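See structure below.
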Amino acid sequence: MSISPRRSGFTLIELIVVIALIAVLAAVVAPNLLGKAGEANRKSAMVQLEKVNNAVELYRLETGTYPDDLSDLVEQPQGVDRWNGPYMRKKSQLLDPWGNPLVLKHPGERGSFDLISYGADGRPGGEGDAADISTWD
């Protein structure tokens, strides 16, 4: 029986080189990806606001009044006979990309009604991902 002088596996140097390469790639790629996630959420919120805005307008055309609450777009409120909904399929469609409820103000500050997403923090005001997004933006 002879023992092969060949060893299997990786040397410590090889492992360190691979880990260093992965760290460099992560340092270059991660900031680009992280910045795009916030921008994507903001764009998604704008699209969601437009969709809900259209549903509110359809609700008003069919019932003659604006909804008291956005949940009226999903479930028929009491006392509204001409409701021909649902105008939105699920209540989850009334949430912004961060999981916070969209806000309906009627009468609005900039029109008959305002739709607002308060951003990542879910509170009025803020900057960056926490900035408010509205139908007039």
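Please tell me if G85 is assigned to a loop (DSSP other than H, G, I, E, B), open to solvent by less than 60 Å² (accessible area, probe 1.4 Å) and within 20 Å of A40 (Cα to Cα). Show your work before the answer.
On the way: assigned to a loop (DSSP other than H, G, I, E, B): yes; open to solvent by less than 60 Å² (accessible area, probe 1.4 Å): yes; within 20 Å of A40 (Cα to Cα): no.
No.
Which residue pairs have Cβ atoms closer than 6 Å, lie 6 or more positions apart in sequence or on different chains, and pair a first residue in the range 22-43 that is closer than 28 Å to A131 by Cβ with a second residue that is surrounded by 10 or more Cβ atoms within 10 Å (Cβ to Cβ) and at pLDDT 85 or above?
Sorted first by the residue in the range 22-43, then by its partner, the pairs are N41/P97.
Could you please give the count of residues in the range 24-35 that are open to solvent by 60 Å² or more (accessible area, probe 1.4 Å) and either among the hydrophobic types (A, V, I, L, M, F, W, C) or modelled with pLDDT of 85 or more (or both)? I'd like the intermediate steps shown before the answer.
Keep residues of the range 24-35 that are open to solvent by 60 Å² or more (accessible area, probe 1.4 Å), which gives 24-25, 27-29, 31-34.
Right, trim to either among the hydrophobic types (A, V, I, L, M, F, W, C) or modelled with pLDDT of 85 or more (or both) and you get 24-25, 27-29, 33-34.
The total comes to 7.
Hey, among Y66, Y59, which residue is part of a helix (DSSP H, G or I), open to solvent by less than 50 Å² (accessible area, probe 1.4 Å) and in contact with a Phe, Trp or Tyr (Cβ under 7 Å, 6 or more places away or on another chain)? Walk me through how you get there before you give the answer.
Numbers: Y66 fails: part of a helix (DSSP H, G or I).
So the residue among Y66, Y59 that is part of a helix (DSSP H, G or I), open to solvent by less than 50 Å² (accessible area, probe 1.4 Å) and in contact with a Phe, Trp or Tyr (Cβ under 7 Å, 6 or more places away or on another chain) is Y59.
Residues P101, P124: which one is modelled with pLDDT of 90 or more and open to solvent by 50 Å² or more (accessible area, probe 1.4 Å)?
On the way: P124 fails: modelled with pLDDT of 90 or more.
Exactly one of P101, P124 is modelled with pLDDT of 90 or more and open to solvent by 50 Å² or more (accessible area, probe 1.4 Å), namely P101.
I want to confirm something. Restricting to the range 88-109 and keeping residues that are aliphatic (A, V, I, L, M) and assigned to a loop (DSSP other than H, G, I, E, B), which single residue is farthest from R123 (Cα to Cα)?
M88
Could you please find all residues in the range 104-121 being among the polar types (S, T, N, Q) and open to solvent by less than 50 Å² (accessible area, probe 1.4 Å)? If you could, list the steps in order and put the result at the bottom.
Narrowing the range 104-121 to residues among the polar types (S, T, N, Q): 112, 117.
Scanning the range 104-121 gives a single hit, S117.
Applying the selection to the range 89-137, what residues are acidic (D, E), in contact (Cβ under 8 Å) with a residue 24 or more places away in the chain and touching a Leu at 6+ places or on another chain (Cβ under 8 Å)? Outline the logic, then answer.
So in the range 89-137, the residues acidic (D, E) come out as 96, 109, 114, 121, 127, 129, 132, 137.
Right, trim to in contact (Cβ under 8 Å) with a residue 24 or more places away in the chain and you get 96, 129, 137.
Answer for the range 89-137, where residues must be acidic (D, E), in contact (Cβ under 8 Å) with a residue 24 or more places away in the chain and touching a Leu at 6+ places or on another chain (Cβ under 8 Å): just D96.
G38 - would you say it is at pLDDT below 85, in contact with a helix residue (DSSP H, G or I) (Cβ under 8 Å, 6 or more places away or on another chain) and more than 30 Å from W83 (Cβ to Cβ)? Full working, then the answer.
Details: at pLDDT below 85: yes; in contact with a helix residue (DSSP H, G or I) (Cβ under 8 Å, 6 or more places away or on another chain): yes; more than 30 Å from W83 (Cβ to Cβ): yes.
Yes; evaluated as a whole, the condition is true for this residue.
The values are calculated or read from the model by the stated rules, or taken from the named source; none is laboratory data. Since the model is a prediction, treat every value here as computed from it, not as a measurement. Every residue, glycine among them, receives a Cβ derived from its backbone with ideal geometry; neighbour counts consider all protein chains shown. SASA here: full protein model, heavy atoms, side chains in, ligands and nucleic acids out. Shrake-Rupley method; radii C 1.70, N 1.55, O 1.52, S 1.80 Å.
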